[in-house]
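Step one of this worksheet: look at the structure below.
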Amino acid sequence: MKRRLLASVATVATLVGMGSAQAQVELQFWHAMGGNLGEAVNAQVEGFNKAQSAYKVVPVYKGSYTETLTAAIAAFRARQAPHMVQVFEVGTANMMAAKGAVYPVHQLMADAKEPFDPNAFVSPVTGYYSTADGKLLSMPFNSSTPVLYWNKELLQKAGLDPAKGPTTWPELGEMAKKAVAAGAKCGFTPQWQTWTMIENFGAYHNLPFATKSNGFGGTDIELRFNDAARVKHIATLAEWSKDRTFVYNGREGRSTAQFNAGDCAFHIASSASASAIERALTKEKVGMGMMPFWPDVIAKPQNSIIGGATVWVLQGRPQAEYVGVAKFLSHISSGPIQAKWHQETGYVPVSKAAAEITEKSGFYKDNPGRDLAVKQLLLNPPTENSRGLRIGNFVQIRDVVDSELEAVWSGKKDAKTALDDAVKAGNELLRRFEAANR
Amino acid sequence: MEKRVAFNERWLPYLLVSPQILITLVFFFWPSGQAIWQSVLLEDAFGGNSRFVFLDNFTHLLSDKDYYASARLTLVFSALVASVGLGVSLLLAVMADRIIRGATAYKAFLVWPYAVAPAVAGVLWGFLFNPSVGIVAWSLAAIGIEFNYVINGNQALALVVIAAVWNQVSYNFLFFLAGLQAIPKSLIEAAAIDGAGPGRRFWDIVFPLLSPTGFFLLVVNIIYAFFGTFGVVDSLTKGGPAKATEILVFKVYNDGFRGQDLGGSAAQSVILMIVVIALTVVQFRFIERRVHY
């Protein structure tokens, strides 16, 4: 009896052992895409898991971008790092500086012998995430850029042509004033004010955000965004806020709620907000255009820069598992998948193939305006001011700029003082970053 | 004559307190030690590049005017939360103590807010006062008061104080009520017979006899204002606008977890730790002397 029991235990043990020998390798992918975006990510992962049987990618939603990054850092320090983590563009400089933590994508692809052509991606995206000598560090995933949205209904009420948006800031100001006079609760409100009104404003007007090509040339840099053009721009917005031509509605993406509620005539927001905005206001009521510019600063706008996130591969897993990671990254960056992602969400197509597929499918004919984001990114060959930003401690620097701008909106500081103070405090954070990564 | 329990075995008392000691060591002393060690390091977030910088993080902090602004704000905030919180709950407790009919129902309602997590309380109050959809903000606008905590720093601070107090009132209320009910009725009746009015009875009899409870609550409330209000701030204002609600504990979180500046954040928590230890010592040495037990 006892012997039989032992034998059966042994059989079960062998079976279990065999099972695990054949089991799939699980690959952890931590991301920050909630709601609809999260479902889209899950669909991408499911496609990969069904297409092959050697690897199983496990997508885990970890909350906001910051929460996801914090969770990955904590896991890395505890030697439990996920294979892949989605990190927003603001974290790029810090990720690059993290010695021994990051497995650069170009190297991963070479080590895993996975066919990989960085030229397949559009240059504003690869430029942001490559080293000075053009080696791609993280896998482009979701990139967006700010575009102008307007509420056609409110423009019509103000006696304006709803089909035609403004191209310059003075025009926007005039139209917004008319909209407010005709009863709109707010003329214009921007999303992610630092990203749209300071960072992209600079690139679009070919003005530097920081020295050394916005930080691409090293960490010993200084901020430069307190120039006359931006001081004037912020001062103008502050002036406009007196009669609600401009209304500040909070940090990050909070202002979109006001635009979606039909309160505001104009909104500068991420192209990735397009689907949510169209759902809230209906497609017919939403107009889309490129960001306005100041004709007295630049004759024709330069190009905008991206926001969004890429997938970073973390070190510390057995080498064999990284082959699966390479395959998965190839999968999610392939043309058809990126095309679907672009059309569903409003993020820009990160690869040229995705752009072509979308173009051919006739998507832009049915959804006018959805091609604007890419066009605006590719408006002109990027200069050293419009390639992107590589700023250490960027999350904190954005916080500094946000709170200095809030001081302007509440009337505590004038535009010049606020931007000077932001540059000063930001430079201190840069020195700290330089010291920490010496 | 004090009653003393004698242990025959030398090790037994140590064994009996050991679980408590162990918990204190693991959950309090160890993290505190880690914080102190972290506060003298400068490193990148992933820990690959760690350098011993001695007191650099502290000198950096103490030369930062934002830090002083945050410290001043924390003092104002804690004073407001503790005084308003204690005042309101004492008033409620005195009134609830007098009620004869339906007392249990009133008490249950007053204790209710304590069951709400601070973060949820923050979201709730945020909704009520939301400048575009909030019912309270809307009503205020109707009588000509523009309430916009997204831009106005003082209004944001007021809102955070209200939410923090609302969350803590129940706790204070319970203790005050228990304290009131422990006061012998005979004392109050004797005073009444001697001709003391309700106000006199309260200030000369009830208030002094309530002082141990009040003192305990003062300590608890100040510690609550320093640390427990994090959830309210995080869900309501995230320290904004323009740092108007960035109290010290929120700055620790913001610099450490959002900014990934672990050394600087650890230095802040060490300072905070020292401040709270000092505050508690001061309270026990000086204020406690005036408390009647």
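The values are calculated or read from the model by the stated rules, or taken from the named source; none is laboratory data. Given the structure is predicted, the values throughout are model-derived calculations rather than measurements. Cβ placement follows ideal geometry from the backbone for every residue including glycine, while neighbour counts extend to all protein chains displayed.
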Q. Is at least one residue of the stretch B:270-292 modelled with pLDDT of 85 or more, farther than 30 Å from B:Ala45 by Cα and either of a type in the set (Lys, Arg) or loosely packed, with under 14 Cβ neighbours inside 10 Å (or both)?
A. yes
Q | Qualifying residue in the stretch B:27-36 (condition: in contact with a Lys or Arg (Cβ under 6 Å, 6 or more places away or on another chain) and surrounded by 12 or more Cβ atoms within 10 Å (Cβ to Cβ)) | A | no
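The rows are residues; the columns are (1) within 14 Å of chain B (Cβ to nearest Cβ); (2) in a helix (DSSP H, G or I); (3) surrounded by fewer than 19 Cβ atoms within 10 Å (Cβ to Cβ).
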| residue | (1), (2), (3) |
| --- | --- |
| A:Gln338 | no, yes, no |
| A:Tyr364 | no, yes, yes |
| A:Ala373 | no, yes, no |
| A:Leu379 | no, no, yes |
| A:Pro382 | no, no, no |
| A:Gly392 | yes, no, no |
| A:Ile397 | yes, yes, no |
| A:Leu405 | yes, yes, no |
| A:Leu419 | yes, yes, no |
Q.
Of the residues B:Ala225, B:Ala266, B:Ala196, only one is more than 26 Å from B:Val53 (Cβ to Cβ), of a type in the set (A, V, I, L, M) and at pLDDT 90 or above; which?
A. B:Ala225
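Working carefully through the options B:Phe176, B:Phe215, find the one that is hydrophobic (A, V, I, L, M, F, W, C), farther than 29 Å from A:Leu405 by Cβ, buried (at least 20 other Cβ atoms within 10 Å of the Cβ) and more than 14 Å from chain A (Cβ to nearest Cβ). Don't jump to the end; show me each part of the working.
Numbers: B:Phe215 fails: buried (at least 20 other Cβ atoms within 10 Å of the Cβ).
One residue alone meets the criteria, B:Phe176.
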Q.
Can you list residue pairs whose Cβ atoms sit under 7 Å apart, with the first residue in the stretch A:241-265 being within 11 Å of chain B (Cβ to nearest Cβ) and closer than 17 Å to B:Glu146 by Cα and the second being in a helix (DSSP H, G or I) and of a type in the set (Phe, Trp, Tyr)? Count only pairs 6 or more apart in sequence or on different chains.
A. A:Ser241/A:Trp409; A:Tyr248/A:Trp409
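Could you tell me which of the residues B:Ala266, B:Ala242 is in contact with a Gly (Cβ under 7 Å, 6 or more places away or on another chain), in contact (Cβ under 8 Å) with a residue 40 or more places away in the chain and under 30 Å from A:Met95 (Cβ atoms)? I'd like the intermediate steps shown before the answer.
Numbers: B:Ala266 fails: in contact with a Gly (Cβ under 7 Å, 6 or more places away or on another chain).
Within the list B:Ala266, B:Ala242, the selection yields B:Ala242.
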Q.
Only one of A:Gly426, A:Gly411 is under 18 Å from A:Pro208 (Cβ atoms) and assigned by TED's automatic domain parsing to the domain that holds A:Gly250. Can you tell me which?
A. A:Gly426
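Given B:Phe29, B:Phe54, which one is among the aromatic types (Phe, Trp, Tyr), more than 14 Å from chain A (Cβ to nearest Cβ) and over 17 Å from B:Gly256 (Cα atoms)?
On the way: B:Phe54 fails: more than 14 Å from chain A (Cβ to nearest Cβ).
Checking each option against the conditions leaves just B:Phe29.
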**Q.** Hits in the stretch B:247-284 (condition: more than 8 Å from every other protein chain (Cβ to nearest Cβ) and part of a loop (DSSP other than H, G, I, E, B))
**A.** B:Ile247
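Need a quick list: helices (runs of 4 or more DSSP H) entirely within the stretch B:125-217 having at least 3 residues that are under 30 Å from A:Val247 (Cβ atoms) and of a type outside the set (Phe, Trp, Tyr).
B:135-142, B:153-182
Could you check the stretch A:94-198 for helices (runs of 4 or more DSSP H) lying wholly inside it with 1 or more residues that are farther than 23 Å from A:His233 by Cβ and either touching a Lys or Arg at 6+ places or on another chain (Cβ under 6 Å) or at pLDDT 95 or above (or both)?
Working: elements: A:105-111, A:123-129, A:152-157, A:169-181.
Passing ranges, in order: A:105-111, A:123-129, A:152-157.
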